[in-house]
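Peer 1: Dumping the structure here so I can ask a few things about it.
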Amino acid sequence: MTTLHLVPEDLRQLYHVREWRNATGVLQTACPQEWQDIIAVLRAFRLLRSAVETAGGSKSPIANQIDAAFYGRGWVEKQFRTAIMIDDTIRESPTHKVDCFKGRVAVELEWNNKDPFFDRDLNNFRLLFELGAIDVGVIVTRSTQLQEIFKALGKGASYGASTTHHEKLWPRLEGGGGGGCPVLTFAIRPDLYVDDLV
């Protein structure tokens, strides 16, 4: 039994959705405000042709758009300070920064990174969950089906098979990459694409 039925139907039409350890139920019951923020941000998002065709840099316009929507709702980029103490010796053990954090929810956006970034995100969620810093992790990525749109726009080479898309994420998730941490994933489907240049 999963709790995916708690994801609104309109979002299940716009995104491929998958969960690990009843993440949707955890969000709805333990983190209701953060869950409403996630729903609102994902409902408002559209994948614009102009953003796809804009040359990348350190961060794509698509990643900036989603991050900004979360930041506008009080989410922040977060670096957790963690350490291990053995007797009187303290060893710093920093985690990776989380793209968007609020309450006890961590959101990572993987639009077009190398696919090992999924391993990093899931491991980070696992560690933060085990330390009691988060209750659930969320990953927003792109669906594999978007490749046809990228090819039609002449951008296929920019979004290769070894980059972050849902068919690279789900085997890691279902293989237990996040450990005991509940994880919810959303993959942007072609239904969200808007040609704003016509």
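Just so you know, all these numbers are worked out from the coordinates, no wet-lab data involved. Source: prediction; values computed, not measured. Cβ: placed from backbone, ideal geometry, glycine included. Neighbour counts: every protein chain shown.
Peer 1: Using the count of nearby Cβ atoms within 10 Å as a rough guide to exposure, how do D121, D191, D115, D88 rank from fewest to most?
Peer 2: With the sparsest Cβ surroundings first, the list reads D88, D191, D115, D121.
Peer 1: Let me ask something else. Taking the 0 to 90 degree range and rounding to the nearest ten, how far is the long axis of helix 61-71 tilted relative to the main principal axis of the chain, both from C-alpha atoms?
Peer 2: Between the helix axis and the principal axis of the chain, the angle is about 50 degrees.
Peer 1: Right, something else. Restricting the count to DSSP beta bridges whose residues both fall in the chain, what percent are antiparallel, rounded to a multiple of 5?
Peer 2: Percentage antiparallel, nearest 5: 55.
Peer 1: OK, next. Determine, for Y193, Y159, the number of other Cβ atoms within 10 Å of each Cβ, and report the residues in order from fewest to most.
Peer 2: Y193, Y159
Peer 1: Follow-up. Quick one: which residues, 5+ away or cross-chain, put their amide H under 5 Å from the amide H of E108? H built at 1.01 Å from N.
Peer 2: The list, which skips near neighbours in sequence, is V138, I139, V140.
Peer 1: Continuing with this model, one more query. Dipole size in debye (nearest 20) for the chain around its Cα centre, Lys and Arg Cβ +1, Asp and Glu Cβ -1?
Peer 2: About 200 debye.
Peer 1: Still on this model: Just want the answer: with Cβ charges of +1 for Lys and Arg and -1 for Asp and Glu, which residue in A23, M85, A69 is farthest toward the dipole's positive end in the chain?
Peer 2: A69
Peer 1: Expressed as an acute angle from 0 to 90° and rounded to the nearest 10, what is the orientation of the C-alpha long axis of helix 116-130 relative to the principal long axis of the chain?
Peer 2: Approximately 40 degrees, to the nearest ten.
Peer 1: OK, next. Along the charge dipole of the stretch 4-192, pointing to its positive end and built from +1/-1 on Cβ of Lys, Arg, Asp and Glu, which listed residue (A133, Q145, H165) has its Cα farthest out?
Peer 2: Final value for the positive-end residue is Q145.
Peer 1: Rounded to the nearest 500 deg cm²/dmol, what is the calculated helix-only ellipticity per residue at 222 nm for the chain, with -39500 (n - 2.57) per DSSP H run of length n ≥ 4?
Peer 2: Counting only the DSSP helices, I get -10500 deg cm²/dmol.
Peer 1: For the stretch 28-37, in order, what is each residue's ³J(HN,Hα) by Karplus, 6.51 cos²θ - 1.76 cosθ + 1.60 with θ = phi - 60°, in whole Hz (x at glycine and Pro)?
Peer 2: 5, 8, 8, 9, x, 5, 5, 5, 5, 4
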